[in-house]
Amino acid sequence: MGRNWKERVGLSPVLADGTVGEVVHRKQIQLFCRHNCSAAVGNLLCAMLLVSSAWSPELSLSLTFWLVASVVVSSVRLLVQRNVLRNSRTVQSTEHAVQLAFGVLLSGLLWSAFALLFVPMMSATALATQLVIFAGVAAGAAVSTSVILAAGLSLTILPLGSLLVSLLFISPSFGNAPPWHLTLSLGLFLPFIASCAGRLAKSYRRNAYAAAENEELLRERSQALQEVQAANKAKGRFLANISHEVRTPMNGIIGMISLALSTEDRTEQEKYLEIARSSGDALLALLNDFIDASKIESGKLTFSSEPFQLDHLVQHTLQLFTERIVSKKLDTSVSLQEDLEVTVVGDEIRLRQVLFNLLGNAIKFTEEGGSIALRVSRSEHEPDYLFEVEDTGIGIAEENLELIFEEFQQADTSTTRKYGGTGLGLAICRKLVRGMGGEISVESTPGKGSLFQVKIPLAPAVEKRALIAEDHPTNQKTAERLLEKLGYQVTITKNGKMTLQAVKDSGRFDLILLDCQMPKIDGYEAAQAIRELDSPSADTVIIACSATNEEHPTNTYQEIDRNGSLSQPSTELEHLIPQKP
């Protein structure tokens, strides 16, 4: 796309250059202002020379008026320049360029007026002098004002063009035909100086572009240097923190083991070893943070998508902190929105890790007697589940709300000394949440507490139904727990007859687990009967369990296909159960 006329003459930024175009245009304005002061003063001096070369008693009043007008115009140009420099950061560069070019245009019109009004009345000697002055003004304008091409052309083409018109058409009518060689020289000089102004304008723009690029490179370099310095400072604090965090549990482990070895009192030994075990757990959690952070940075952390029970996850995660909650006498509450779909598909392990970190921080930074709340909800019109962890702890200053999600950072270094920590937990949380397609945010008031909100898209699990035909209570419970873990809704029957009736009455089952030695109708007969039923479950995957070794190995499971033949035995039920039926 070609440039429009304003872009070509330097009155507006080049749109094709994008944001860089605005920067380049500002540079052109700054460069013009540097030359404008000397150009305005030089223009006024040339005006004085011109008036002195043309001075005569008959023209004294007119020339005086023209000279005063030149003084006024030069003053206007200087005032405009001052205003532009003062407001260079608040006004668009296009407006500045127009103002500056207009001031130069006034000078060009004054010189044109002189050429048209006074030159026809000049003698040949005075005319030669004035021609030199006009040429000097045009040359100076091409050099000093062509940064904005419109300004440069105003002070080259207008004066010289008017002078040429005066020499060719007006002077002869006054009886003062100029020498032909002066007229010819002027006719050749005019296009030359105009083309010079155009080339200089391009050169100035290239210089401005280069200056803008250099500034951008310097700014990026400075910013990168600041970031490196900040990172080094943060890592320095991190190393100091980590030294403390590693030493503390290691001292606990070594010290408690030494004390346990120095006494024969079993009660004392148990107490020391329990403290050592707690220190070991703390050290393991610290190492896990490092490993997770390393996996995330290297892009090797993977996310799964499996069905799980959300209510079980929430309750089990909170139970891990029972001892700390009791010791600090914290008031805790857990609430799940009514009618919330709790069987969902997602990464249970990563979500548990996020909640574990948030609850751990809430408990750590909440003083004795405070309260902790964990809420889970979901908007009817949104796919995301909302997890909220709220505490009445020390809170976070507003300027540090984003900082806490950076690696090796804590809101206040004093909290590190008092509460411990590496500054990795929340950084890991944010990356895990984003890896699951969600987002984490925080609201906090110093001294009143914090509210962390995690939004994660969790798809409600497609309901899967399983039938367990088993007469032994222990085997029933074992199979039921395994299938519920895999997201199945479980129905239990005690014999083959009840199994057949359940298949007839309950419609489609996605999985049937049969005990081969059930009373009344054994598992093999039941399986054959199910295959022959006119039921949606006739082609369901059936897994048979045999407790004898007469025909099949003891305690094995086999998958029976539609034709009733037996597959190779397997010792692990999980391998035979379809994960996504």
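General remarks:
- In region 438-522, counting only strands (runs of 3 or more DSSP E) that sit wholly within it, the ones holding 1 or more residues that are charged (D, E, K, R) span 439-445, 449-457, 464-469, 511-515.
- Residue list for region 84-135, filter: outside any helix (DSSP H, G or I) and surrounded by fewer than 20 Cβ atoms within 10 Å (Cβ to Cβ): N87, S88, R89, T90, V91, Q92, S123
- Under the condition of being free of Cβ contacts under 8 Å to residues at least 24 places away in the same chain and of a type in the set (D, E, K, R), the residues counted in region 328-379 number 2.
- Region 388-408 - residue that is assigned to a strand (DSSP E or B) and charged (D, E, K, R) and, of those, nearest to P460 (Cα to Cα): E388
- Residues in region 547-563 include none that are modelled with pLDDT of 50 or more, of a type in the set (S, T, N, Q) and crowded, with 18+ Cβ neighbours inside 10 Å.
- Qualifying residue in region 164-177 (condition: open to solvent by 20 Å² or more (accessible area, probe 1.4 Å) and either modelled with pLDDT of 90 or more or under 52 Å from the mean Cα position of the chain (by Cα) (or both)): yes
- Taking region 8-21 as the range and being within 19 Å of L217 (Cβ to Cβ) and crowded, with 18+ Cβ neighbours inside 10 Å as the test, only G21 passes.
- Top-ranked residue of region 491-535 - restricted to ones that are of a type in the set (G, A, S) and within 57 Å of the chain's Cα centre (by Cα), ranked as surrounded by the fewest Cβ atoms within 10 Å (Cβ to Cβ): G507
- Candidates S162, S154, S146, filtered to the one that is farther than 16 Å from A39 by Cβ and small (G, A, S): S162
- Residues that are surrounded by fewer than 17 Cβ atoms within 10 Å (Cβ to Cβ) and either modelled with pLDDT under 85 or assigned to a strand (DSSP E or B) (or both) within region 361-387 comprise S371, S377, S379, E380, H381, E382, P383, D384, L386, listed in sequence order.
- Any chance A466 is open to solvent by 10 Å² or more (accessible area, probe 1.4 Å), under 21 Å from V342 (Cα atoms) and among the aliphatic types (A, V, I, L, M): no
- Subset tally (residues that are more than 16 Å from G152 (Cα to Cα) and open to solvent by less than 20 Å² (accessible area, probe 1.4 Å)) for region 26-54: 4
- Cβ separations smaller than 7 Å between residues 6+ apart or across chains give the following pairs from region 432-453 residues that are at positive phi to residues that are in a loop (DSSP other than H, G, I, E, B) and among the hydroxyl-bearing types (S, T, Y): G449/T392.
- Of all residues making up region 317-349, the number that are surrounded by 12 or more Cβ atoms within 10 Å (Cβ to Cβ) and not hydrophobic (A, V, I, L, M, F, W, C): 12
- Considering (1) closer than 22 Å to A210 by Cβ; (2) crowded, with 16+ Cβ neighbours inside 10 Å, the lone condition that R77 does not fulfil carries the number (1).
- Pairs meeting the criteria (first residue in region 33-62 and outside any helix (DSSP H, G or I), second residue open to solvent by less than 60 Å² (accessible area, probe 1.4 Å) and not aromatic (F, W, Y), beta carbons under 7 Å, at least 6 apart or on different chains) are W55/L63.
- For S444: the one exception among (1) surrounded by fewer than 18 Cβ atoms within 10 Å (Cβ to Cβ); (2) hydroxyl-bearing (S, T, Y); (3) in contact with a helix residue (DSSP H, G or I) (Cβ under 9 Å, 6 or more places away or on another chain): (1)
The values are calculated or read from the model by the stated rules, or taken from the named source; none is laboratory data. This is a predicted model, so every value here is computed, not measured. Counting neighbours? That spans all protein chains shown, and the Cβs are built from the backbone with ideal geometry, glycine included. Calculation scope for accessible area: heavy atoms of the full protein, side chains included, ligands and nucleic acids excluded. Shrake-Rupley method; radii C 1.70, N 1.55, O 1.52, S 1.80 Å.
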